[in-house]
Structures are given as C-alpha cells and as structure tokens.
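Participant: Submitted below is the structure of interest, expressed as structure tokens.
The values are calculated or read from the model by the stated rules, or taken from the named source; none is laboratory data. From a predicted model like this one, the values you see are computed outputs, not experimental measurements. Don't worry about glycine lacking a Cβ; one is built from the backbone with ideal geometry, like all the others, and counts go over all protein chains shown. Side chains included, ligands, DNA and RNA excluded: accessible areas come from the protein's heavy atoms. Shrake-Rupley method; radii C 1.70, N 1.55, O 1.52, S 1.80 Å.
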Amino acid sequence: MILSDELQEFRAEVRDFAQKEIAPGAEEIDQTKEFPAEKVKKLAQRGFLGIMIPREYGGLGLSSMHYLIVMEELSAVCGSTALTYAAHNSLCLNPIFNFGNKAQIEKYVPTLASGEILGAFGLTEPEAGSDAGGTKTNFSENGSNFVLNGSKCFITNGSVGGVLIVTARRTDATQPKDISSFIVESKWPGFSVGKREDKMGLRASDTALLHFEDMKIPKDNLLGQEGEGFKQFLKILDAGRIGIGAMSVGMAQAAFDLALKFAKERKQFNHPIADFQAIQWKLADMATKIEASRNLVYQAAYLKDGGRPYTKEAAMAKLFSSETGREAIYQAMQILGGYGYMSSRPLERMFRDQKLCEIGEGTSEIQRIVIARHLLGKLKT
Amino acid sequence: MNFELTEDQKMVQEAAREFAQKRVAPIAKEMDEKEEVPREILKEMAELGYFGIRIPERYGGLDLDMLSYVLMLEELAKVSAGLMIVISVHNTLFCEGLVQFGSEELKQKYLPRMAKGELIGAYCLTEPGSGTDAGGMSSTAILKGGQYILNGTKSFVTNGGIADIFLVFALTKPDLKSKGISGFVVEAKSPGISLGAPEKKLGIKCSDTREISLSDTPTPKENLIGEENHGFKIALTILNHGRIGIGAQALGIAEAALEESIRYSLQRKQFGQPIANFQGIQFKLSDMAMKIEAARWLVYQAAYLQTTGEPFTKEASMAKLFASEMSNYVVNEAVQIHGGYGYMKEYAVERFFRDARITEIYEGTSEAQRIVISRELLKD
C-alpha cells in the first residue's frame, strides 16, 4: 500500500519513537507484568493519547490512518503498550467525544487527551461475552443520581483508568438491547478492583475485574440517550476492530522483518537458509498475506474517515489480519527454528501477544457472524 | 491509492457489467459446452473498444488506465472466464507488449487494426519442454539473408486458432540460453506455420488453446520487438502485466461464485429453514467474502502501481497468487454449499469450479509466483 508522503513521514517518525522510547524494556515488563506507566507517559508527551481529538480539546486532530500507523508501530515493539493506547483512545476517549454532550466533552476530553487520566471501557461481564446483550450490570434512579450495580471483567486499563464508560440496563428492563452507557470515575465510592488478570500475552497491559456496588452516578453522566448503549457499543467496537487489525499487522510485520533478516544471515548446509525454496516460499506467503491484511485495515479506515458504513469491512479487516497475523508469526518462528522458540527473541512474546487479536473486541467467530449478516441482509431486502 | 474508483473507472465497470450480464451471461453455459465464442460476441466487444482498451488513442485505442481495464476483465470473468482470457491475452500479452516494446513502424502497422478487433493477438512463450523454466526454450530465430528464420513448437497458446498475429519468443543466440532470446511479431498466415488441434481443457473451455509449430518461418527483421537478445526480459515484463489480469479473472470468478452461493443458501430449505440460517453456511459465506475483499485490493493495488509508473512486479505476483488460491478456495466452498446441485452442470458454480483452476497455473504457476515474490523480498 502506498501512503501519502505525509503519512510515510509520520510513520518514519513514529517508528523512530517506538524503537527508541517504547521498545527498551518491553521484554522485561512482559516478564514482570508491570504496567508500562513510563511508556504511557511518553505517549502522552507525543500527544498520542488524544491523537484523533481536535486541537481545541487538547488533541492532535489527526485521522484514523494516523491512529492506525501509531498502533502498528507500537504493536511491532510492545503489544502491551499498544493495547493500552488502543483501549484509551478508541474505547473511551473517542466515544466520549463522539457520543457525549458539550458539558461531558469539556469535562472529560481534555484531561483524557492530555493523558493525565487514562480511559477504559466496561462492556464484558462474566456471563456476557460474545452475547453482550446479556449484560446484567444494572442501574436504577435515586433522585438526581443513577445507582449502578454489577461486575465487568477483562477490562483493559480497568485498574489504572480514571474514567470509564460502563454499560448497564435498568433493573426492570426486559429487552436484551435496552442498554445504556455511563461515564464513571474510578475515584467514586462503590468502585473496586476485583483482581488484575494474569495473561498469556500482553502481560504488562492492565486487565481487571471491576465491581460496582451502589455507585452513584450523576444523571449528567449518562452518555447519549437512555437505551442507546447497545447501538453505541456496536459503533465503538467497529472502530476498535480496525485497531486490533492494525495491531496484528504491526506484529506480523515485525515478525516478518525478523524472519527475513534471520533467513539471510543464518547458514545451514553451507548456504544462507534464504537460498532454500522452502524458506523463500514461507517469506513470500507471509508478505503476501500481510500486504492483504494491511489493505483491508486501511480500507476500513478510509471508509470510516469518509463517514461511510464500514462495519462489514472492519470485521473483515480484523478477522483476516488476526488470522493471517497468527499464521505469519507461526511461520516466522518456524524459520527461526529453536531461536524463535526461545524467550530471548521477541518472537516468543509476539506469538503469545498476537493471540489476543483473535479474541478481543469480538472473537473471530463473532466477526464471521457480523460479515454473514451483512452478506445475507443485502439480498434478503 | 484511495480505496475508491474514479467516476471514469466506475463508468467503465458499469458498461462492462451491462455487456457481460446482458450479452454474455445468457450464453455462457452454451459457450462452455460448444467450446467456442460466437463471432458476433467478439464483434460487439470490438465495437465497445475492448480490443484496444489499453492502446494509445493515436493508434485508435481507448487508452484506458490499467485499473479500468482490470475492472472490465473482472466483469467479464464473472460471467465467462473463458471469454475473459481471450480478450486479456489479446490486450495484455500482445498489444501491451507491442505498445511498450515495439518500434513505431510496427505499432503503426498493426495496432490500429488490433484496436478494432480486425486482428486478434496471441502470445507464444511456453514450449513442450519449457514451462516454468521459460528460459530453457529451444525454438530458434536465426538471421539469414536479411530476415529471421523461425523454427520450433509453442504449446498451450491461448487464441492459437483464432489469432491473426503472434508474439513469438525464440533463441537468436542459442548458446546464450535465456540471454539469447528475442521476441518477434509473426503473422499467422506466414509460411511454415501450422496449428495443432484445439486442446481439450478442464475449464475456460470457450477459449481456444493450441500448439503452434513454426517450420522455417521467415520473419522480417523489422518484426523484432525491442532489442535482439533482450526478449526474455520483455516476455517477463509482459507477464507481470498479465498477472494482474489473471488476478482480476480469479477475483471475478470468485465474486460470481459467492453471489450464486448467497442466492442459493437463502432459497434452499433444509430442516425446515433456509440453509443460510445455519452458522455452518454463514461462516463459509463470511470467509469467502472476506478473502475476495482482500484479493480485490491486492489486484487493484497492482494495477494502480502500474498506472503510476512504480515497480509492481512483486505486487502483481502477490495479487495473482493470492487471488488465484482464494478463487479456488471460494469455488470449492460454493460447490459445497450447493451440495449435489453444485456438482451438476445446471448450476453455474460447476463451471466456476473448473474455470478457477487455471488461474493457479497459467501466466506463472503459484509456485513461480512465490519464486518471484521471494526474490523481490530477498534482493538488496
């Protein structure tokens, strides 16, 4: 894919930043699970924690393409930092900006965009995963407040975020889609962190179980209208999926680059292994699929930035990128052989990190349902 | 590149779609069975300018960009992959080569009639003993008394029986092997040329494929394309262009197969409901559509790069490789969704299944594409 000169320069800058500021220590925090607070601070200094927010609210005012390029480059060096960036921007900050009223935007957007506070999104629950309509977290009214009760699990930035969007239904709601969303602050009484998860990959990214017990939410903090939560989170996930696609592309590209370099240097049977067709073809297949993935991701972003429907394309981008990313990393490990399997090389970490891309923000199975609905709906009408 | 067609490109696409759907679709099955394309269809395509779609205007062509051309090929491939290859070989493997490498004299002599469809072109590279190893050919072109004398046998020549003119590659310096190959424009009526019987094929049956023998065929010196002994590079450059077209062909077949599958799965009832209600079928459709979309942008990207004058060898190979493997996957799933009906000639997916197979083989096998791609990746 050919990017404009401006985007190419932007990528070069971001890559340089990622290599110098984000890559060092990525391996260590994978081991220690320590949240990359220092790296996040560096993202904030560059303005990346408000990358798509207009300048008047303290953001950089850049496009989805810029957002995705940062996502790719961060993912190439440190998946944990990349996921933190993604959840903050695409699951919390952008939705508040897009669905919030003026007062909410003025109150929350500048502090989030500056990175002073991190954002999170509480959607998934212990019993509501792919079936997000099965949300059990509930709210009722008490004077000028809503009162929130329930639990949310697997929440990225859950224990480090200061502001969260949380979905819930009225205690007496019967329709699965009758869901509303609220902007809540973690410092409010009734919020508690159940546990921080120990994960296969993206280990330094913060993933938490959250409890809300009689949490009072000012009525002003309802996001959009009551009952719009279901529609909102579908939109949030559409945008988020492109980001997860970019994450997988960034990781796959990094794995490919490693494998290519290794294949040229590594000698066996008196030849660099790149001389053997078995290796050449793996490289050819990896590069072909990465190219196709990137195009799908950028296409979805292009549609999104143009204000056009992109749900199907986002699902395709995410599904294809995450499945082919897994394949690319698998093959890269094959090329590096024993070296790839050792934790001293980033491949071993990427192998674990990338798996999330097939699960988070809608499993591959859910993406297939989304795509199929679009295909079948089209002819039915 | 924007993920958007220009208004002009959309118009080309729509016009091609209309022609393909109205004129070709109703007889596609019959063309497959009779193993021929009716002359009037070729004539109508000539009237639409499709025989000179990439030829510069000064030679009477439409001078369209590569992506517009690819869109036209894709629309044709949706209804008849066999018809598509007839026009693709003429345009890309012959005309594109002549436009890019031929002398002004040769262009003036042949292009205007080719653009009108009065002359149909073919490309002769493959031989019985040299397929993927195209540099290992044994046909010769020896300069004698001011003209080249051509000898040899070319196999699997698309349009072999309907072409008026061939682009033939042969050894001018046999001891130099691939570095001694040159390309020639050879008229079909030249002395010493004989055609084999039409090949019987698995798919793309309405296209004509034959062996061509040249026995002491005299060819004027001026009919040399490009420089002497530079023919191998020319042949490969032409194939780079051709591969984008094969990608479009694979894409078109797959799109048609998906469309049929969606239609069928909404109509076909089993267990009291349309089979489209079952996730097993839905997931097949999703994967088919997703892979088609991925292939589409690889194909369009390669065409776009060709137009902007950037290198596109690697991208053309990726497009062809990915689209052709994708297409075979998709047609297989399409037959699967149709079950027993898909195995029957009555349903178009039966033909799509046979037609898709060639896209992984001609203009460079999938294996050859992987060699091209990895070579580009590994070169410094």
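Participant: Within region B:206-228, can you find the residues that are assigned to a loop (DSSP other than H, G, I, E, B) and open to solvent by 40 Å² or more (accessible area, probe 1.4 Å)?
Facilitator: The answer is B:GLU227, B:GLU228.
Participant: Can you spot a residue in region B:338-346 that is open to solvent by 40 Å² or more (accessible area, probe 1.4 Å), at pLDDT below 95 and in contact with a helix residue (DSSP H, G or I) (Cβ under 7 Å, 6 or more places away or on another chain)?
Facilitator: First, pick out the residues of region B:338-346 that are open to solvent by 40 Å² or more (accessible area, probe 1.4 Å): B:340-341, B:343-346.
Filter again for at pLDDT below 95, leaving B:340-341, B:343-346.
Next, only the ones that are in contact with a helix residue (DSSP H, G or I) (Cβ under 7 Å, 6 or more places away or on another chain) stay: B:343-344.
Yes, that holds for at least one residue.
Participant: State whether the residues of region B:354-371 include one that is aromatic (Phe, Trp, Tyr) and away from chain A (no Cβ under 11 Å). I'd like the intermediate steps shown before the answer.
Facilitator: Residues of region B:354-371 aromatic (Phe, Trp, Tyr): B:362.
Subsequent filtering for residues that are away from chain A (no Cβ under 11 Å) retains B:362.
Yes, that holds for at least one residue.
Participant: Restricting attention to region B:261-275, which residues are facing chain A (nearest Cβ under 8 Å) and either at pLDDT below 95 or surrounded by fewer than 21 Cβ atoms within 10 Å (Cβ to Cβ) (or both)?
Facilitator: Matches in region B:261-275: B:ARG263, B:LEU266.
Participant: Do you know which residues across region B:3-24 are hydrophobic (A, V, I, L, M, F, W, C) and surrounded by fewer than 16 Cβ atoms within 10 Å (Cβ to Cβ)?
Facilitator: B:LEU5, B:MET11
Participant: Give the residues of region A:278-327 that are over 17 Å from the mean Cα position of the chain (by Cα), farther than 19 Å from B:VAL372 by Cα and hydrophobic (A, V, I, L, M, F, W, C), sorted by residue number.
Facilitator: A:LEU303
Matching residues to (1) open to solvent by 20 Å² or more (accessible area, probe 1.4 Å); (2) part of a helix (DSSP H, G or I); (3) touching a Cys at 6+ places or on another chain (Cβ under 6 Å):
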| site | (1), (2), (3) |
| --- | --- |
| A:ASP220 | yes, yes, no |
| A:GLN225 | yes, no, no |
| A:LYS231 | yes, yes, no |
| A:ASP238 | no, yes, no |
| A:GLY243 | no, yes, no |
| A:SER248 | no, yes, yes |
| A:ALA252 | no, yes, no |
| A:ALA263 | no, yes, no |
| A:LYS282 | yes, yes, no |
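Participant: Any idea how many residues of region B:307-320 are part of a helix (DSSP H, G or I) and surrounded by fewer than 23 Cβ atoms within 10 Å (Cβ to Cβ)?
Facilitator: 3
Participant: Look through B:ALA323, B:ALA348, B:ALA294, B:ALA319 and report the one residue that is in contact (Cβ under 8 Å) with a residue 12 or more places away in the chain, within 11 Å of chain A (Cβ to nearest Cβ) and over 16 Å from the mean Cα position of the chain (by Cα).
Facilitator: Sole residue among the options that is in contact (Cβ under 8 Å) with a residue 12 or more places away in the chain, within 11 Å of chain A (Cβ to nearest Cβ) and over 16 Å from the mean Cα position of the chain (by Cα): B:ALA294.
Participant: Taking the stated definitions as given, is B:TYR264 more than 29 Å from B:ASP63 (Cβ to Cβ) and either in a helix (DSSP H, G or I) or among the small types (Gly, Ala, Ser) (or both)? Walk me through it before giving the result.
Facilitator: Details: more than 29 Å from B:ASP63 (Cβ to Cβ): yes; either in a helix (DSSP H, G or I) or among the small types (Gly, Ala, Ser) (or both): yes.
So B:TYR264 passes the test.
Participant: Let me ask something else. Look through region B:129-160, keep the residues that are touching a residue at least 40 places away in the same chain (Cβ under 8 Å), in contact with a helix residue (DSSP H, G or I) (Cβ under 6 Å, 6 or more places away or on another chain) and under 27 Å from B:ILE87 (Cβ atoms), and return whichever of them is surrounded by the fewest Cβ atoms within 10 Å (Cβ to Cβ).
Facilitator: B:THR132
Participant: May I pose another question? Picking from A:THR135, A:THR111, A:THR156, which residue would you name as being closer than 28 Å to A:THR81 by Cβ, surrounded by 19 or more Cβ atoms within 10 Å (Cβ to Cβ) and not aliphatic (A, V, I, L, M)?
Facilitator: A:THR156
Participant: Kindly provide the set of residues from region A:1-26 that are open to solvent by 70 Å² or more (accessible area, probe 1.4 Å) and within 14 Å of chain B (Cβ to nearest Cβ), ordered by number.
Facilitator: A:ASP5, A:GLN8
Participant: May I pose another question? Which members of region A:285-340 meet the condition of being without any contact (Cβ under 8 Å) to a residue 40 or more places away in the chain, facing chain B (nearest Cβ under 9 Å) and in a helix (DSSP H, G or I)?
Facilitator: A:ALA287, A:THR288, A:LYS289, A:ALA292, A:GLN299, A:LEU303, A:GLU313
Participant: Let me ask you something else. For region B:282-291, give me the residue count where each residue is open to solvent by less than 10 Å² (accessible area, probe 1.4 Å) and at the interface with chain A (Cβ under 8 Å from one of its Cβ atoms).
Facilitator: Going through region B:282-291 one residue at a time, the tally reaches 4.
Participant: Going by the conditions given, is B:ALA302 touching a His at 6+ places or on another chain (Cβ under 9 Å) and either at the interface with chain A (Cβ under 9 Å from one of its Cβ atoms) or in a helix (DSSP H, G or I) (or both)?
Facilitator: Criteria not met by B:ALA302.
Participant: Filter the helices (runs of 4 or more DSSP H) completely within region B:41-125 down to those with at least 1 residues that are out of contact with any Ser or Thr (no Cβ under 6 Å at 6 or more places or on another chain) and surrounded by fewer than 19 Cβ atoms within 10 Å (Cβ to Cβ).
Facilitator: Numbers: elements: B:66-79, B:81-88, B:97-101, B:104-115.
Helices (runs of 4 or more DSSP H) meeting the threshold: B:97-101, B:104-115.
Participant: Considering only region A:192-203, I want to know if a residue exists there that is charged (D, E, K, R) and touching a Leu at 6+ places or on another chain (Cβ under 6 Å). Talk me through it step by step, then tell me what you get.
Facilitator: First pass over region A:192-203, keeping only residues charged (D, E, K, R): A:195-199, A:203.
Adding the requirement that they be touching a Leu at 6+ places or on another chain (Cβ under 6 Å) leaves A:195.
Yes; the residues of region A:192-203 include at least one that is charged (D, E, K, R) and touching a Leu at 6+ places or on another chain (Cβ under 6 Å).
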